[in-house]
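To keep things clear, I will list the structure first and then write my remarks on it.
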Amino acid sequence: MSGISWEKNVDVQPYNTFNVPSTARWLVRVQNISNLYELVNSTQFHNKRSLILGGGSNILFANAQYDGIVLKNEIQGIKIQSEDDQHVTLRVGGGVEWVSLVDYCVQNDLGGIENLSLIPGTVGAAPVQNIGAYGAELSDVLVAVEVFDLDTGQARTMPKDECEPKYRGSIFKDTLKSVMICAVTIRVVKARFYSVNTGYGLIRDVLLELGISTPTIRSVSEAICLLRKRKIPDPKSIGNAGSFFKNVVCDDSIRRSIESVDANTPFYRNPDGTYVIPAAWLIEKCGWKGRQFDNVGVSSRHALVLVNLGRAEGREIVWLAELIMRDVQAQLGLLLTPEVNIIR
Ligand code: EPU
């Protein structure tokens, strides 16, 4: 008996947080690894494009139809794999919502991912761009990922190093695009052995504002939720995919050339001597923050966030993104790179 079903011409608007209309020629829901073996052995699978979809929070459907198979990762489960005095190792299904995993850890007094509170998307999508925020990233706690390679039809476990995590990227974003991340293993720390990470200035400000002098895992998570809610519009009320562009990594001469335009240019120095200039600042500097055009715009809360003002199609968001990229390049000589995965 077949375990998978091939749904045809499926509306994927509910499956992307930009909330743009598009249909998938086929959609297959993956609930376990047997579904994937069945999929790769079916004749229908071969010679067709496929797209692995998690929570749809880092994706933009540029066209009205995706002429291929959307594979929706719905693999569930949060299980304790092992435990010692200080740590708990969790094995989590790729289809679990990332926020549910953060909630689980906060409820159980486990530290390590509370700074990543409220990041939309699924656990299986998290290693692809090595999600990060407020001084923490997934690679801080990542142990391994279990993948299924759609090209070879084989499952395997990849330890963290093999995933090549880096700033908003990994091997899954660069080269190994044909794998579904079925499970992720993370190692978190029991509260009494854990020091919360409040190094990122804005967290300290919010904790102060909330009157919290001895922050716990839970209060840091609450502070981060507050920070994010203030800065990033809720995709449930206004379609968006968080940061649309990556921050710009450059050398010192480029940084100085931007500084000569504005002496207040913010930047961070990486340990390898390169510099990071916030793309949000570049976009704001070029006058784009809060601008609106018919159905699309740049958030007035955060210049990195492009928004669907209600009835936008994917191609209109692509149009705005390209306009901003051309303008920032013309005004400041820097080329922005999208962080969002644009599906054409
Ligand atoms: N800034 C502006 N204008 C703005 C917003 C920010 O000029 O409208 C400048 C300020 O100088 C600010 C700096 O940009 O100090 C950095 O801003 P922020 O702290 O908001 O961080 P970010 O670098 O813009 C990154 C992630 C976010 C994550 C935040 C918090 C990327 C591409 N984005 O943004 O991730 O929440 O840090 O740590 O690295 C996401 O990936 O979807 C996302 C929201």
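No value in this document is a laboratory result; all are computed from the given coordinates. Quick caveat, the model's predicted, so the values are computed rather than measured. Backbone-built Cβ (ideal geometry, glycine too); neighbour counts: all protein chains shown.
By the count of other C-beta atoms within 10 Å, a proxy for reagent exposure, Asp140, Asp205 are ordered fewest to most as Asp205, Asp140. Ordered by the count of other Cβ atoms within 10 Å of each Cβ, fewest first, Lys177, Lys72, Lys79 give Lys79, Lys177, Lys72. In this structure the amide hydrogen of Gly169, modeled in the peptide plane, comes within under 5 Å of the amide hydrogens of Asn130, none closer than 5 places in sequence on its chain.
Would you mind putting 292-303, 331-342 in packing order, based on average other-beta-carbon counts within 10 Å, highest first? Please list the in-between numbers first.
Details: 292-303: 18.2, 331-342: 16.2.
Order by mean packing, descending: 292-303, 331-342.
With 19 Å as the limit on Cα-Cα distance, the pairs of Lys246/Lys285; Lys79/Lys166; Lys229/Lys285; Lys72/Lys177; Lys173/Lys285; Lys48/Lys160 that go past it are Lys79/Lys166; Lys229/Lys285; Lys173/Lys285; Lys48/Lys160. Scalar couplings 3J(HN,Hα) for region 277-285, obtained by applying the Karplus form with A = 6.51, B = -1.76, C = 1.60 to θ = phi - 60°, are 10, x, 4, 4, 5, 4, 5, 5, 4 Hz; x denotes Gly and Pro. Of interest is the spacing of the C-alpha centroids, which for region 306-321 and region 72-91 amounts to 38 Å.
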